[in-house]
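Enquirer: Let me give you the structure first, and then I'll get to my questions.
Values in this text are rule-based calculations from the coordinates and carry no lab data. A quick note: this is a predicted structure, and the numbers were derived from the prediction, not measured. We place every Cβ from the backbone using ideal geometry, glycine too, and count neighbours over all the protein chains shown.
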Amino acid sequence: MEIFLQQLINGVTLGSIYGLIAIGYTMVFGIIGMVNFAHGDIFMLSTFIALILFLALTQILGVSSVALSFVLAMVAAMALTSLWSYMLERLAYRRLRKSFRLAPLISAIGASIFLSNLVYVLQGPRNRPAPSLFDAVIKVTHGGGYDVTLSAKQILIVLVTALLLAAFWVVVQKTPLGRAQRACAQDMRMAALLGIDVDRTISFTFVIGGALAAVAGVLYILYYGVVNSGDGFIPGVKAFTAAVLGGIGSLPGAVVGGLLIGLIETFWAAYISSDYKDVAAFSILAATLVFMPSGLFGRPDVEKV
Amino acid sequence: MIATDSKVLLSLRGVKAFYGNIAALKGVDLDIREGEIAALIGSNGAGKSTLMMTIFGDPRAREGVISFDGRDITSMPTHAIARLGLAQSPEGRRIFPRMTVFENLQIGAAIGDPRYFDASLERVYAIFPRLKERSGQSGGALSGGEQQMLAIARALMNRPRLLMLDEPSLGLAPLVVKQIFEAIADLNRREGLTVFLVEQNAYHALKLADRAYVMVNGLITLSGPGRDLLAMPEIRAAYLEGGR
Ligand SMILES: Nc1ncnc2c1ncn2[C@@H]1O[C@H](COP(=O)(O)OP(=O)(O)O)[C@@H](O)[C@H]1O
Ligand SMILES: [Mg+2]
């Protein structure tokens with residue numbers, strides 16, 4: 001029971017991060033019908049941006065408040081990562097949108113390789129450690145010689161995720177840009193007939209996806225304490241799996257899918273094998289695609305791939 | 001109102017459009033004057049919907065000139081054309097199915113001045129009270145007639161100068177058709193709204209139209225006042241008695 005509870009806490013934490021990344025996959029797919037393979041690398045890039053900014057703030061600029069540095073680094077990482085995500089669409093995808101279907105996918109794979117190599121070249125191959133923050137740990141309960149703990153980090157991760165998802169939900173549901181985004185995802189040509197600038201709306205989608213991926217990046221490095229240039233791939237695939245499992249194109253699906261993948265991964269590692277925990281995500285991806293291609297919240301009528 | 005001397009609002013000269021290498025419009029000339037109801041009739045596959053979409057640059061005219069209010073719009077982006085004051089209720093209505101009626105209308109007003117939103121909403125609810133009753137329902141749950149009303153209402157939300165309607169009567173019960181045509185006539189009469197109407201339901205369209213065009217195979221073959229066309233035996237044979 002105690003182990004179960006602990007894994008639940010860990011799984012929700014991890015799942016929050018996957019959910020934030022998954023939204024970028026699902027929104028982009030929802031509007032232009034492509035899988036943005038470089039989104040995982042955008043996420044990885046954001047962890048480096050946040051790390052460098054945080055170190056610059058605390059060690060060079062001498063900001064003494066850790067919380068302030070953390071918030072500033074996160075906001076700045078969101079802005080800069082959004083910019084990268086925006087540029088990615090402008091440079092690598094936009095011109096290919098009217099080309100044959102595989103063209104933007106191939107370009108996305110190229111962009112993914114480019115981004116991870118760029119970070120590799122600039123930052124080197126080694127794991128980059130991050131300063132350890134918010135280390136307080138709360139003991140929730142104890143049983144069978146086992147402490148169930150909840151760390152400040154975990155609380156922070158879940159809170160920040162919940163807060164950003166709520167803000168994101170309001171933007172998508174209640175603002176003109178969010179409305180335009182949904183309209184374009186449903187019928188792009190009709191949206192254009194009504195005067196909506198489709199290109200701008202697609203850019204907005206990439207910006208939002210990039211910003212949420214950056215939040216995930218900050219939380220990821222906070223949680224794990226290290227990152228390297230190859231770290232876009234595995235979390236990227238897991239978040240993509242989350243999006244597919246939730247039903248690609250569905251925003252609530254991305255969040256629920258993220259949580260499920262996080263939970264499955266931690267439980268798998270605890271009860272089955274931690275060596276093969278990544279296999280779980282890949283197996284779910286394959287099984288979902290074969291047996292339930294429209295996912296949990298997906299509509300069977302989406303035919304966009 | 002016959003307005004032969006009023007200003008030309010929309011004009012097409014030698015417009016050609018293609019799907020791949022197949023010509024769908026083969027050199028269309030057409031004028032729509034301010035304040036009139038213009039109708040375009042023609043059998044299925046003649047190119048009517050293509051013409052409506054080509055005016056909005058989707059597909060883009062490969063040859064010829066399209067101008068609106070004296071301005072060349074031939075190569076403008078679709079959304080920029082809409083912002084000049086053209087609005088369309090397209091073939092198939094294309095309601096956003098996973099948005100409510102109200103949200104569909106909000107999207108219709110996306111480029112309008114937000115100060116006029118409430119007034120625009122009142123106006124379309126007054127024309128189609130049914131939409132007000134259904135405002136919280138999702139677009140996909142509406143009946144065909146309601147969807148058509150919504151498509152027209154959505155097009156009106158930006159307060160366009162030219163309202164383009166592609167087969168608003170398609171698949172609707174006669175009573176609903178009558179209601180929709182009355183609404184169109186009313187908008188034209190009371191507000192002087194210019195209307196460009198595409199119909200296979202030629203009888204209603206010709207009766208309503210100040211000027212009508214007949215399209216065959218990507219070309220305008222005949223034009224004149226709606227009632228004159230209605231009286232022509234060849235039109236009756238092709239588009240009324242024999243047709244649908
Ligand atoms: N998206 C498309 N791709 C290829 N051909 C098309 C497309 N849309 C229409 N066509 C063809 O163009 C011609 C004109 O079609 P359309 O403009 O829809 O006619 P109408 O509206 O008068 O029924 C038809 O031959 C039709 O098959
Ligand atoms: Mg048609």
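Enquirer: Return the long-range amide H neighbours of residue A:141 (sequence gap of 5 or more, or a different chain), with a cut-off of under 5 Å between placed amide H atoms.
Expert: Residues meeting the criterion, in which the H sits 1.01 Å from N, are A:148.
Enquirer: Can you check what the net charge comes to around residue A:265, using other residues whose Cβ is under 14 Å from the Cβ of residue A:265 (Lys, Arg +1; Asp, Glu -1)?
Expert: Surrounding charge for residue A:265 is 0.
Enquirer: So what's the Cα pair-distance distribution over the protein assembly as shown, bin width 10 Å, in %?
Expert: Spelled out per bin, shortest first, that is 4, 16, 23, 20, 15, 11, 7, 3, 1, 0.
Enquirer: Pairs B:16/B:48; B:16/B:207; B:48/B:132; A:153/A:174: which exceed 20 Å Cα-Cα?
Expert: Flagged as over cut-off: B:16/B:207; B:48/B:132; A:153/A:174.
Enquirer: Is there a simple number for the mean count of other chain Cβ atoms within 10 Å of the Cβ of residues in B:102-108, and what is it?
Expert: 4
Enquirer: What is the P(r) of region A:198-240, as percent of Cα-Cα pairs per 10 Å bin from 0?
Expert: In whole percents, the pair-distance histogram is 24, 47, 22, 7.
Enquirer: Would you mind checking which residues have amide H under 5 Å from residue A:128's amide H? H placed 1.01 Å from N; only 5 or more apart, or other chain.
Expert: A:227, A:228
Enquirer: Scattering from the C-alpha atoms of region A:19-229 alone, worked out with Debye: what is log10 I(q)/I(0) at q = 0.14, 0.17 1/Å?
Expert: Log-scaled intensity ratios, in q order: -0.88, -1.15.
Enquirer: Further, regarding this structure: Just B:215, B:149, B:232 to compare: in a GNM of chain B, with alpha carbon springs under 10 Å, which one fluctuates most?
Expert: Sorting by GNM fluctuation, first place goes to B:232.
Enquirer: Let me ask something else about it. Could you give me the radius of gyration and the Dmax of chain B, taking only the C-alpha atoms into account and expressing both in angstrom?
Expert: Calculated on Cα positions, Rg and Dmax stand at 17.2, 51 Å.
Enquirer: In addition: Pairs of alpha-carbon atoms within less than 8 angstrom and 6+ residues apart define the contacts here; what relative contact order does region A:19-229 have, in percent?
Expert: So the answer I get is 40 percent.
Enquirer: Do any chymotrypsin sites (Phe, Trp or Tyr not before Pro) in region B:5-74 lie in a loop, going by DSSP, with at most 10 other beta-carbon atoms within 10 Å of their beta carbon, and if so which?
Expert: Answer by residue number: there is no such site.
Enquirer: Per residue of region A:195-212, in order, report the coupling 6.51 cos²θ - 1.76 cosθ + 1.60 (Karplus, θ = phi - 60°) as ³J(HN,Hα) in whole Hz, putting x for Gly and Pro.
Expert: So the Karplus estimates, Gly and Pro as x, are x, 7, 7, 5, 4, 5, 5, 5, 4, 4, 4, 5, 5, 4, x, x, 5, 5 Hz.
Enquirer: Still on this model: If one takes the longest principal axis of the Cα atoms in chain A, at what angle in degrees, from 0 to 90 and to the nearest 10, does the Cα axis of helix A:2-32 lie?
Expert: 20
Enquirer: Follow-up. In the Gaussian network model of chain B, springs joining C-alpha atoms below 10 Å, which of B:90, B:77, B:160 carries the largest mean-square fluctuation?
Expert: B:77
Enquirer: Say we join alpha carbon atoms closer than 10 Å with springs in a Gaussian network model of chain A; which of A:292, A:74, A:27 then has the biggest fluctuation?
Expert: A:292
Enquirer: Across peptide A:196-202, how many C-beta atoms of other chains are within 10 Å of each residue C-beta, on average?
Expert: The per-residue average across the peptide is 3.
Enquirer: Let me ask you something else. With loop defined by DSSP as not H, G, I, E or B, and exposure as at most 13 other Cβ atoms within 10 Å, which is the longest segment of chain A clear of exposed chymotrypsin sites (Phe, Trp or Tyr not before Pro)?
Expert: No qualifying site falls inside A:101-275, the longest such stretch.
Enquirer: Treating only the Cβ atoms of Lys and Arg (+1) and Asp and Glu (-1) as charged, compute the dipole magnitude of the protein assembly as shown about its Cα centre; round to the nearest 20 debye.
Expert: Charge dipole of the protein assembly as shown: 480 debye, to the nearest 20.
Enquirer: 5 Å is the cut-off here: which amide hydrogens, built 1.01 Å from N in the peptide plane, fall below it relative to residue B:212, excluding neighbours closer than 5 in sequence?
Expert: B:39, B:224, B:226
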